[in-house]
Each structure stands twice: as C-alpha cells, then as structure tokens.
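Q: Sending over a structure as structure tokens; questions will come in a sec.
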Amino acid sequence: MKKKLMAILLAGAMVALTACGGGKADDSSAPSTDAPANDSQEADTSNDAEDAAEGEAATSELVDGKFAETRHITVEVYDRGNDGGTDPTNNMYTEYIKKGMLEDHNVEVEFVKVPRWTEVEEVNNLLAAGTAPDICVTYSYPTILTYADMGGVLDLSGYVEDYKAELTNLWDWLGETNIYWDKDPVDGTIWAIEGKLAVNNRINTFVRKDWLDKLELKAPTTTEEFEAMLVAFEENKDTLLGADADKLIPYSVSYDVGWRAATLIESFIDPDITDKELYVNGYDDRKLTQNGTKEAVRLLNKWYNQGLLWDNFALYGSGDTTEDDMMKAGYVGAFTHNWDYPFRNGDDSINVNLQRNVGEDACYIAIDPFDDAKGTHTKYVSSTAGDRKIFFPITNDEPLACMLYLDWISDPEHIQYLQIGDEGVTHNVLDSGAIQTVAATGDPIMNSGMNIDYTITCNGLHLASEELTKLSQAYNYGGIDPDIVAEADKIAQTDAVPAKNVNVGAIEAEANIGDTLSAKRDQVYDNAVIAAEAEFDSTWDSLLADYMNSGGQAIMDERAEKWQATFGDTDMLP
C-alpha cells in the first residue's frame, strides 16, 4: 500500500514539474500557510518519538546481529553491458553477497540492474513509479534532492545514529566525514550517504609511447609541447599508420568535453582561485562556468579546425564503444580520461588489446602536459567523500536491513574478496606479498574495475591493510606493466587539489534541473569546439547564455547568497 501510494504521489509531482518546465512552482501549488505553527511542531515531535520507538523495536529484533524472521531487500547494481561480461544480478560475486547477508543477518538480497550510462534517467523513472530498489546509488545528488523535496526519499539521519552500534564497519570505513557530508546544517537531514574514494585520483592524459619513440619525441610537459606533439602525429601519419593513415586521430575527446579535457581546462583556471569562487561557479563539475574555461575551449576549437581532434566526437553518446575501439585498433595518439582508463578490464583493456592488435611495444602511458599560470599542473580532484551517493527511497520498508547491508559490504574482508576474488583464479600472491590481479574468464569476470558496482561504499583498491593496499596498487591491473600504473598514479597526484566540503544546506535552485543543465552543458562544449574559428565567440556566448538562463545563473546566485550567510566575507575555508 505504501509503495502504491508513493507511486501515485510521485507521478503526480512529476507531472506538475513537467507542466512548470522544471522551474519554481507558482503560489497556487505552494503548501497552505493557514495552519498554526504549533500544529506542525507537535506533529514533528510526535513523528520523532514514533521514529525512535520504531528504531528501538527494530534493533531489539536482532539477536547476534540477525533478524529472527528473514527479511528481503533489493539493491541497485549497474549494468554496463560489457561484451563477455556476466549478468550483474547473478554471478559468483552476487552469490557471495547473498550468502553472507543471509548467514550473518538473515537478510535475502535481490539485485536490480540499472543501465550505467543512463542511470540518472532510469533512477528517475523507478522513483516516479514507486518501484525503485530499497538501496539506490547515483552520481547525481540533484536527482536525490528532487525526490527528497517531494517526500520520496528517506531521511537517513536517524538510522545512522540509532543503529550505530550495529554499523561498526560502516562507521569505521566512512567515518563522520562521509556519513555527514550531505547533512543539512539547519534541519539535520541526511538524504544520502557519500561513498568513499579509496584512491583519490581523477584524470590523466595518455599518449602512445611507441609513437613518441618512433618519432624520437620526448613526453610533453607543457601545453605548447603537447600541441607540437599532436602536429607531429598528424604530419607523420603515413609513418605511424601506413595504409591506415587516414584513420589517425592525434587527440581524442568525447561528447563529454568537460570531463574528457578536464586537465587542459583546469590549467586555464587561476591556480590561486578562492574557495568561494570555485564553489559559486562550481555547480557543474565540468568547470563550464569557471573563469578561464572559455579560453581552454578556444584552444580545443583551434585544434579541431587544424584536424588534430577526432572530428566526429560529438556524435557518439554515453556508453558507445566507438572511441575505445579506435584506441584498441591503434588509431588514437593521445586522449584524456580517468586516471587508469587504458589499464582497466583485464584482458579486454585498451592496452592489452593495443598490444594484441599492433605489437608488444604499443601502449599508452600517462603524461602531465598541461601547465598553468604558475608552471604547475593543478588538478582538481574529489575529496574522499566525492563518490557515489547512496540513498533509500520512501518505499523502502526495511531500512535497518539495508543499513546492515551497507555495513556488511564495508567490512574490509568483504571489500577485499569482492575486489580481488579467489587466488589462482582472479589474482596471484607475489613473493613480496603483493596481490597481482590476473585476467579472468567466465563467471569470475568482474563487470566493473575492482567490482566497484558491488562495493558501493568503496571506490578504489582497499585491501585488508593499508600496507598491503600500497604494495598491491600497481599490480591490480591484469596484463599491465606495474611500472606504467605506478607512474600514472604518481602523475594523477601531482599538484592535486582536493575538494572541500562547502556545506551551506540544500541549494533549492539545483533541484529538478540536473538533466536539463547537463544536456545544455554538453551542447555548449560540443558546439563551441566544432565551430568555425571565426564563430567561436558567438557560439560560446549564445549557448552559455542559454545555459545560464535555464537555471545556471539562479544556482550561482543562490550559492553566493548561502556562502555569504554561512561564511560571511571569508573567501577561503580551512
């Protein structure tokens, strides 16, 4: 009954949002203010007491951490559609989790797959229909806020506190920083728990080492040298690719320019930027509205018009494999992506495929070419609380069982098994004690690197001890030279600037607008890059104005107001 009622309410709310164009609702749809203030206060007090009683009753049902009667929960898992992958809801790793949760807590776990590359849209649909899994995961906090405003998301503040004694693994791993990261400073609500980045690396630029060697070029360390390298690739395409010379792409980006050219864009931002400016202009982590971004894109536009970029990059959306296939085939000279991107996926990694298709010397290595105004290579990385957001929809009838699930998958031993699997099958133990992963086939295949789709509170290698983790980091990519990984890790951390938690409460202007602004952001970037050089300014300015008029400016204004209200005239946070 609860789920049916919420489906009706949320569906109605979504219709209202659509009718209002996702903007602020008019006064006729606002809640009545006729009721005396003390009525709502009395109701809140009653609800608090009721919640506390329910929490006590729930925990009293546990005997040695187990429910007396079997509980059932559903958990979201990404479906990446990997060639040769396994069913993300039914494989040896899901069985490991199901068996463990049943034995340890008497909780049956059912996995519900959500397409990775359209996850925001799919989660929206499930929430609106009242059929979302009990445990939901998304990278989009505005999506959570949208449904929290509708009453469609559980406030987790009571659960993390009331059940704290049963959640020692969760608290030990995430700590107050991640659990309270999104806690509203005014009303104390927690709509989501932030997963933790075990490895706080973000973006690297990669280049074909065999191409550098063939043309006797050094790895570029400045933007100017990087451009000269791209020109050399283009001018020597016959030497590099022979009969396939017309397929050569000096530098590849995707439709998501803000992510895929991140280190270049960030090199154009003032390295001494204040925390306030970074926050006020920083709703979009693709840096669209930061000062300096336009000039970075102007350079990309120049390269595009010189034939140095993949000319069809804007035509292939999220999840399309065309670009990766070109890298594997050996046609791409350089690209910017996640810090370990060409090393991922074991036997199907870009580097392993490249060696298979081109030769043993063919491989991508990380470089650090984009220098900023101070000659450094600033990279804006997430905080350790910058990962996926975990939340419970209001239709969740088993919050304690779900909190126990989050605790179970935060156990160091469980994380380690999910990340490295079985010895001799998915990993070997070297003489040094380091764990070296090996390419797997069949059911032991991991659909995501280190099984991060199951270790939703942990992203990145996190073995049973910190010493073992450090020892094993470079060996955690099957078929990849550990020295290459170690160098990529070092570069990703060079001049890295971790994000700070600017907690000023919810930004109401950000609700209901995420998908719209993301689409418009990509339109600004893509169209500006491919514009004729003479039309770059007009293209950028007109599309950015549309972005700002569609909600971007309102977000920046509210961020500025709330910064002032919270921090006063301070520009920098400790």
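The values are calculated or read from the model by the stated rules, or taken from the named source; none is laboratory data. Here the structure is a predicted model, which means the values were calculated and not measured. Please note: Cβ atoms are built from the backbone with ideal geometry, for glycine as well, and neighbour counts cover all protein chains shown. Each accessible area value is taken on the protein alone, full model and side chains, heavy atoms only, with ligands, DNA and RNA left out. Shrake-Rupley method; radii C 1.70, N 1.55, O 1.52, S 1.80 Å.
Q: Could you say which residue among Asp571, Asp537 is among the charged types (D, E, K, R), within 29 Å of Thr189 (Cβ to Cβ) and at pLDDT 95 or above? Let's see the steps before the verdict.
A: Working: Asp537 fails: within 29 Å of Thr189 (Cβ to Cβ).
Going through Asp571, Asp537 in turn, the sole match is Asp571.
Q: Regarding Thr205, is this residue under 20 Å from the mean Cα position of the chain (by Cα) and among the hydroxyl-bearing types (Ser, Thr, Tyr)? Steps first, answer last, please.
A: Numbers: under 20 Å from the mean Cα position of the chain (by Cα): yes; among the hydroxyl-bearing types (Ser, Thr, Tyr): yes.
In short, yes.
Q: Right, Glu166: closer than 19 Å to Asp387 by Cα and acidic (Asp, Glu) or not?
A: Values: closer than 19 Å to Asp387 by Cα: no; acidic (Asp, Glu): yes.
In short, no.
Q: Name the one entry in Arg71, Arg116, Arg80 that is among the charged types (D, E, K, R) and more than 25 Å from the chain's Cα centre (by Cα). Step through it out loud before you land on a result.
A: Working: Arg116 fails: more than 25 Å from the chain's Cα centre (by Cα); Arg80 fails: more than 25 Å from the chain's Cα centre (by Cα).
Matching residue, one of Arg71, Arg116, Arg80: Arg71.
Q: Within region 106-121, count every residue that is in a helix (DSSP H, G or I) and crowded, with 19+ Cβ neighbours inside 10 Å. Before the answer, list the steps.
A: Looking only at region 106-121, we keep the residues that are in a helix (DSSP H, G or I), and these are 116-121.
Now restrict to residues that are crowded, with 19+ Cβ neighbours inside 10 Å: 116, 119.
Residues flagged as in a helix (DSSP H, G or I) and crowded, with 19+ Cβ neighbours inside 10 Å within region 106-121 amount to 2.
Q: Please go through region 149-160 and pick out each residue that is touching a Leu at 6+ places or on another chain (Cβ under 9 Å) and part of a helix (DSSP H, G or I). Walk me through how you get there before you give the answer.
A: In the first step, residues of region 149-160 are kept if they are touching a Leu at 6+ places or on another chain (Cβ under 9 Å); the result is 150-153, 159-160.
Result: Tyr159, Val160.
Q: Condition check: aromatic (Phe, Trp, Tyr) and either under 20 Å from Thr86 (Cα atoms) or within 17 Å of the chain's Cα centre (by Cα) (or both). Does Tyr454 satisfy that?
A: Values: aromatic (Phe, Trp, Tyr): yes; either under 20 Å from Thr86 (Cα atoms) or within 17 Å of the chain's Cα centre (by Cα) (or both): yes.
For Tyr454, the condition - aromatic (Phe, Trp, Tyr) and either under 20 Å from Thr86 (Cα atoms) or within 17 Å of the chain's Cα centre (by Cα) (or both) - is met.
Q: Are there any strands (runs of 3 or more DSSP E) wholly within region 384-461 with 2 or more residues that are among the charged types (D, E, K, R) and under 24 Å from Leu174 (Cβ atoms), and if so which?
A: Numbers: elements: 389-391, 427-429, 435-437.
No strands (runs of 3 or more DSSP E) qualify here.
Q: Filter region 427-456 for residues that are modelled with pLDDT of 95 or more, polar (S, T, N, Q) and open to solvent by less than 10 Å² (accessible area, probe 1.4 Å); which is nearest to Asp347 (Cα to Cα)?
A: Filtering region 427-456 for residues that are modelled with pLDDT of 95 or more, polar (S, T, N, Q) and open to solvent by less than 10 Å² (accessible area, probe 1.4 Å), the one nearest to Asp347 (Cα to Cα) comes out as Asn451.
Q: What residue, among those in region 70-84 that are more than 14 Å from Ile452 (Cβ to Cβ) and at pLDDT below 95, is surrounded by the most Cβ atoms within 10 Å (Cβ to Cβ)?
A: Gly81
Q: Go through region 475-517 and count every residue that is without any contact (Cβ under 8 Å) to a residue 12 or more places away in the chain and within 26 Å of Asp256 (Cα to Cα).
A: Number satisfying all stated conditions: 1.
Q: Also: So which pairs qualify, if the first residue must be in region 109-136 and within 24 Å of Thr86 (Cβ to Cβ), the second must be among the basic types (Lys, Arg) and in a helix (DSSP H, G or I), the Cβ gap must be under 7 Å, and the two must be at least 6 apart or on different chains?
A: Val109/Lys98
Q: Can you find, within region 213-259, the residue that is most open to solvent (accessible area, probe 1.4 Å) among those that are part of a loop (DSSP other than H, G, I, E, B) and under 15 Å from Gly307 (Cβ atoms)? Before you say what the answer is, go through the steps one by one.
A: Taking region 213-259 as the starting set, the residues that turn out to be part of a loop (DSSP other than H, G, I, E, B) are 215-222, 236, 248, 253-256.
Those left that are additionally under 15 Å from Gly307 (Cβ atoms): 236, 248, 253.
Details: Asn236: 52, Leu248: 17, Val253: 2 Å².
So, considering only residues that are part of a loop (DSSP other than H, G, I, E, B) and under 15 Å from Gly307 (Cβ atoms), the one most open to solvent (accessible area, probe 1.4 Å) is Asn236.
Q: Pairs needed: first member in region 419-437, over 19 Å from Asn451 (Cβ atoms); second member anywhere, of a type outside the set (Asp, Glu) and assigned to a strand (DSSP E or B); C-beta distance under 7 Å; at least 6 residues apart or different chains.
A: The qualifying pairs are Leu430/Gln436.
Q: Of the residues Ile415, Ile390, Ile367, which single one is under 30 Å from Asn312 (Cα atoms), surrounded by 21 or more Cβ atoms within 10 Å (Cβ to Cβ) and modelled with pLDDT of 95 or more? Can you show your working first?
A: Numbers: Ile415 fails: under 30 Å from Asn312 (Cα atoms); Ile390 fails: under 30 Å from Asn312 (Cα atoms).
The conditions single out Ile367.
Q: So Gly292 fits all but one of (1) surrounded by 22 or more Cβ atoms within 10 Å (Cβ to Cβ); (2) under 24 Å from Glu510 (Cα atoms); what number is the exception?
A: Every listed condition holds for Gly292 apart from (1).
Q: Let me ask something else. Pull out all pairs, ordered by first then second residue, where Cβ-Cβ is under 6 Å, the residues are six or more apart or on different chains, the first lies in region 162-185 and is under 21 Å from Ile415 (Cα atoms) and part of a helix (DSSP H, G or I), and the second is open to solvent by less than 20 Å² (accessible area, probe 1.4 Å) and at pLDDT below 95.
A: So the pair list comes out as Thr177/Ala385; Asn178/Ala385.
Q: Can you tell me which of (1) over 14 Å from Met446 (Cβ atoms); (2) surrounded by 15 or more Cβ atoms within 10 Å (Cβ to Cβ); (3) not charged (D, E, K, R) is the one Thr89 doesn't meet?
A: Every condition holds for Thr89 apart from (2).
Q: Can you tell me which residue among Ser465, Ser472 is without any contact (Cβ under 8 Å) to a residue 60 or more places away in the chain, open to solvent by 10 Å² or more (accessible area, probe 1.4 Å) and within 14 Å of Ala198 (Cα to Cα)? Talk me through it step by step, then tell me what you get.
A: On the way: Ser472 fails: open to solvent by 10 Å² or more (accessible area, probe 1.4 Å).
Of Ser465, Ser472, the one residue that is without any contact (Cβ under 8 Å) to a residue 60 or more places away in the chain, open to solvent by 10 Å² or more (accessible area, probe 1.4 Å) and within 14 Å of Ala198 (Cα to Cα) is Ser465.
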